1. With open to solvent by less than 80 Å² (accessible area, probe 1.4 Å) and basic (Lys, Arg) as the only criterion, which of LYS317, LYS302, LYS313 stands out?
2. Quick one: count up the residues across segment 3-40 that are under 22 Å from VAL116 (Cα atoms) and either touching a helix residue (DSSP H, G or I) at 6+ places or on another chain (Cβ under 8 Å) or small (Gly, Ala, Ser) (or both).
3. Are any of the residues in segment 211-225 closer than 25 Å to SER284 by Cβ and not aromatic (Phe, Trp, Tyr)?
4. Restricting segment 93-109 to residues that are of a type in the set (A, V, I, L, M) and buried (at least 19 other Cβ atoms within 10 Å of the Cβ), which is farthest from ILE17 (Cα to Cα)?
5. Any idea which of (1) surrounded by 16 or more Cβ atoms within 10 Å (Cβ to Cβ); (2) within 26 Å of the chain's Cα centre (by Cα); (3) under 27 Å from PRO182 (Cβ atoms) is the one TRP296 doesn't satisfy?
6. Considering only segment 193-215, how many residues are surrounded by fewer than 14 Cβ atoms within 10 Å (Cβ to Cβ) and either farther than 22 Å from HIS170 by Cα or aliphatic (A, V, I, L, M) (or both)?
7. Looking only at segment 154-176, count how many residues are under 19 Å from ILE204 (Cβ atoms) and either at pLDDT 95 or above or in a strand (DSSP E or B) (or both).
8. Any residue at all in segment 270-282 that's touching a Lys or Arg at 6+ places or on another chain (Cβ under 7 Å), part of a strand (DSSP E or B) and open to solvent by less than 90 Å² (accessible area, probe 1.4 Å)?
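The values are calculated or read from the model by the stated rules, or taken from the named source; none is laboratory data. A quick note: this is a predicted structure, and the numbers were derived from the prediction, not measured. Quick reminder, even Gly has a Cβ in these numbers, built from the backbone with ideal geometry, and neighbours come from all protein chains shown. Just so you know, the surface numbers come from the protein's heavy atoms only, side chains and all, with ligands and any DNA or RNA stripped out. Shrake-Rupley method; radii C 1.70, N 1.55, O 1.52, S 1.80 Å.
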Amino acid sequence: MVKSYSQKLRVLYVMQILLKYSDEEHPVSQTEISERLHAYGIQADRKSIYDDIKVLNEFGLGIENRRSKPSGFYVAERSFELPELKLLVDAVQSSKFITAKKSNELIRKLEELASVHEAKNLQRQVYVGNRIKTMNESIYYNVDEIHQAISQNRLIRFHYYEWTPEKEMHLRRNGKAYEISPWGLSWDDENYYMVGYDSDAEMIKHFRVDKMLDIIITDQPRRGKDRFEKFDLANYAKKVFGMFSGEERTVKMLCENNLAGAMIDRFGRDVMIHPSDERHFIVSAAVNVSPQFFGWLVALGKGVVIESPEDVKEEFKEWMGEVMREYENV
């Protein structure tokens, strides 16, 4: 009876062997398949293995028989190609909001989508230096809770923390819980944010997911539907620099031509750009005016100048003056 049951599992083990050990450069022979089946306690002759491969092909696995050396069978088509897996591995490894432990766990799972030979190429992608990873191990569960709340149309309750100079976690609002209606998630500046509606403040807010604690899905329905009916999350992320809030203004900037790429990268290809002279262009974009926006301008150097509104220009000059005064007596 045990032997008969094992034989019924044979085709599944053949599929597992092919997925794990074969690729175009490393086909597996009928003899190797037979030996690996034997390790599972399953006996199979040549005809049985060929029959199993035929069944798997009809199932849609896409197995090729390579007759030139090295000869053998291999899975020709997989759900993910090797370059796609490398891209995913790099994204996981470089994401600040995923802890180092979770990054390694995810990468190991991604490796299982390739053959053992191709997985070695993925392992070379793992070592990316100088990455500052989040320390909040619960971020995976936070994201899952937020998605559930959105699908169930429910308001969530949570605590939110910040770091002190003593490297201690300090709960904001003296530990009072936030009650927010979640409407979306955004990945911006290497961090993960929840965007939602605060009905007490009557405004849209965003929160770093890795700084949210003790998330509870309440039985209260979400609020702010009217505010999100025409809400563009991607556009919101473009306006809010580093996800720091500020007053939304349309700012006109005079830029050197070599900064066209920086403006399009930041605001998208639909941003309004008009030539000014042979060396400059004018760009108009909606931004949330904040110190983070000013810092972005400083990083671009003298190649960009705020043209209008006048009060934003003055606010920028005042901000730069305050920064310079900090260095006067240093």
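1. Working: LYS317 fails: open to solvent by less than 80 Å² (accessible area, probe 1.4 Å); LYS302 fails: open to solvent by less than 80 Å² (accessible area, probe 1.4 Å).
None of the others qualify; the one that does is LYS313.
2. 23
3. Restricting attention to segment 211-225, the residues satisfying the condition of being closer than 25 Å to SER284 by Cβ are none.
The answer is no; no qualifying residue exists.
4. Within segment 93-109, the first condition is being of a type in the set (A, V, I, L, M), and the residues that meet it are 98, 100, 106-107.
From what is left, the residues that are buried (at least 19 other Cβ atoms within 10 Å of the Cβ) are 98, 107.
Working: ILE98: 32, ILE107: 21 Å.
Checked segment 93-109; the qualifying residue farthest from ILE17 (Cα to Cα) is ILE98.
5. (3)
6. Number of matching residues: 4.
7. We begin by selecting, within segment 154-176, every residue under 19 Å from ILE204 (Cβ atoms); these are 154-158, 160, 172-173.
Applying the additional criterion that residues be either at pLDDT 95 or above or in a strand (DSSP E or B) (or both) yields 154-158, 160.
Selection size over segment 154-176: 6.
8. If we filter segment 270-282 for residues that are touching a Lys or Arg at 6+ places or on another chain (Cβ under 7 Å), which is where we start, we get 282.
When the remaining residues are screened for being part of a strand (DSSP E or B), the result is 282.
In the following step, the residues that additionally are open to solvent by less than 90 Å² (accessible area, probe 1.4 Å) were identified as 282.
Scanning segment 270-282, I find at least one residue that is touching a Lys or Arg at 6+ places or on another chain (Cβ under 7 Å), part of a strand (DSSP E or B) and open to solvent by less than 90 Å² (accessible area, probe 1.4 Å), so the answer is yes.
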